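Quick notes on the structure that follows.
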Amino acid sequence: MFLLSYLFLIVMLLISVAYLTLLERKILSYMQLRKGPNKVGFMGLLQPFSDGIKLFFKEQVNLIYFNYMIYMISPIFMFMISLFIWCLYPYFFSVLSFNYGFMFFLCCSSMAVYGLLLCGWSSNSNYSLLGSLRAVAQVISYEVSLVMIMICFMVFTFGFNFLNLINYQFYTWFIFFSLPLFFSWLASCLAEVNRSPFDFAEGESELVSGFNIEYGGGGFALIFLAEYGNIIFLSFLTSMIFLGCDLYSLIFYLKSIFISFWFIWVRATLPRFRYDKLMYMTWKLFLPLSLNYFIFFIGFIFFMITGSYFINFG
């Protein structure tokens, strides 16, 4: 049952990624006063599948100076890491329930950095290497803020299991007393998946598409699937941590769709940041904020425990 459930989850994830790309193209087109994909199938609904078939059946270009094995394995590695993260989706039945789900997520997101680095290095191109170095520096820097924000809620829920978030948000959502953390979490999620306005790994004006410049066909499609799979999971994770985690209601999934829509909305609205401002924001703004919230949560929990002790035994 576990294998069947996880296989069903992967199939649904791939369909979700396909239609998230269509949603992105539609939203960007309407914000730019044009139509977008509307010819293949009814209202363009079959466009993602035709694009996927085209990508996977394209001829593979073999470079002269690339490192063949690492070049071919790196996109598969990135895609597998994005699928591993989806083991954490908190079912009550049939799928693994991780008691250390937060820790597993942090391990998988840290491993994704190696895929970025190996993609850029194995292509033996100056542009791809520069793009991968930018992406690695950015992702590692913003992982520190993400870890601190997640540690705050690990302390608050007394555990590492995502299912604890359901019980502790039964009466109120965490966003109501941690709104600054919510905004810093959203910005860190954008930087974590290299999305605009933090898409420095894909700076077209100076790096000609960044770390994946030498990839085409199936390799590019796998990198693409990994990126959008991570976007959908971060949308789910945002809803679980801050917006109630009511997994068995339709509203939870509508909230997740809205967060995914927000990723696209930001891309259509904001221009690209300067790189030094990006690094300044995580080290001088998000990290001190999350550290202060961490100290506040620890002090609050200590006060509640000691207060209840003195009331009961005083």
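For the pair residue 275 and residue 126, what calculated FRET efficiency results from E = 1/(1 + (r/R0)^6), where r is the Cβ-Cβ distance and R0 = 25 Å, to the nearest 0.05?
Between residue 126 and residue 275 the formula returns 0.90.
Expected output is a single nm value to one decimal: the length gained when fully extending between residue 53 and residue 33, i.e. 0.36 nm times separation in residues minus the C-alpha distance. What is it?
Net length gain for the segment: 4.4 nm.
Which ³J(HN,Hα) values in Hz, rounded to whole numbers, follow from the phi angles of segment 104-116 under the Karplus curve 6.51 cos²θ - 1.76 cosθ + 1.60, where θ = phi - 60° and Gly and Pro get x?
5, 4, 5, 5, 5, 5, 6, 5, 4, 4, 5, x, 4
Return, ordered by residue number, the residues of segment 227-262 whose backbone nitrogen is under 12 Å from a label point located 7 Å along Cα→Cβ of residue 176.
244
Taking θ as phi - 60°, what are the ³J(HN,Hα) couplings along segment 132-139 by the Karplus curve (6.51, -1.76, 1.60), each to the nearest whole Hz, with x for Gly and Pro?
5, 5, 4, 5, 5, 4, 5, 5
At most 15 other Cβ atoms within 10 Å and a DSSP loop assignment: could you name the trypsin sites (Lys or Arg not before Pro) in segment 1-101 that fit?
34, 35, 39, 58
If you stretched the chain out fully between residue 3 and residue 285, how much longer would it get, using 0.36 nm times the residue separation minus the C-alpha to C-alpha distance?
Taking residue 3 through residue 285 to full extension adds about 97.2 nm, to one decimal.
Residues of segment 278-305 with the amide nitrogen closer than 15 Å to a label point 7 Å from the Cα of residue 168, along Cα-to-Cβ, please.
Within reach of a label on residue 168: 293-305.
Rounded to the nearest 500, what is the 222 nm mean residue ellipticity of the chain from helices alone, with -39500 (n - 2.57) per DSSP H run of 4+ residues and division by all residues?
Value at 222 nm, helices only, nearest 500: -23000 deg cm²/dmol.
So if I take the alpha carbon set of segment 83-195, get Rg, then get Rh from the Kirkwood formula, what is the Rg over Rh ratio?
Expressed as Rg/Rh, it is 1.05.
What whole number of Å gives the distance from the Cα centroid of segment 9-58 to the Cα centroid of segment 223-244?
19 Å
Quick query: amide H of residue 163 versus all other amide H atoms, modeled in the peptide plane; which residues come in under 5 Å with a sequence gap of 5 or more or a different chain?
Placed amide hydrogens put nothing under 5 Å from residue 163.
For a footprinting-style exposure proxy, rank 2, 233, 104 by other Cβ within 10 Å, fewest first.
Fewest-to-most Cβ neighbours within 10 Å comes out as 2, 104, 233.
List the residues of segment 215-239 whose backbone N lies under 16 Å from a point placed 7 Å from the Cα of residue 254 along the Cα-to-Cβ direction.
239
Applying the Karplus parametrisation 6.51 cos²θ - 1.76 cosθ + 1.60 with θ = phi - 60° to the phi angles of segment 141-154, what ³J(HN,Hα) value in whole Hz is obtained for each residue in order, glycine and proline being reported as x?
For segment 141-154, the Karplus-derived couplings read 5, 7, 5, 4, 5, 4, 5, 5, 5, 5, 5, 4, 7, 4 Hz, x marking Gly and Pro.
Could you name the lysines whose alpha carbon sits less than 25 Å from that of residue 54, not counting residues in the same chain fewer than 8 places away?
Counting by Cα, and skipping residues close in sequence, residue 54 has these lysines nearby: 26, 35, 39.
Considering only the other residues whose Cβ falls under 12 Å of the Cβ of residue 112, what net charge follows from Lys and Arg at +1 and Asp and Glu at -1?
Summing Lys/Arg as +1 and Asp/Glu as -1 gives -3.
Among 304, 31, which comes first, then next, by fewest other beta-carbon atoms within 10 Å?
Fewest to most other Cβ atoms nearby, the residues stand as 304, 31.
Specify which labelled value, from [x] 20.8, 78; [y] 25.6, 92; [z] 31.2, 105, agrees with Rg and Dmax of the Cα atoms in Å derived from the coordinates of the model shown.
[x]
Where a number appears in this text, it was derived from the coordinates with a stated rule and is not lab data. Small disclaimer: the values here were computed from a predicted structure and weren't measured. Ideal geometry is used to build each Cβ from the backbone, glycine not excepted, and the neighbour counts take in all protein chains shown.
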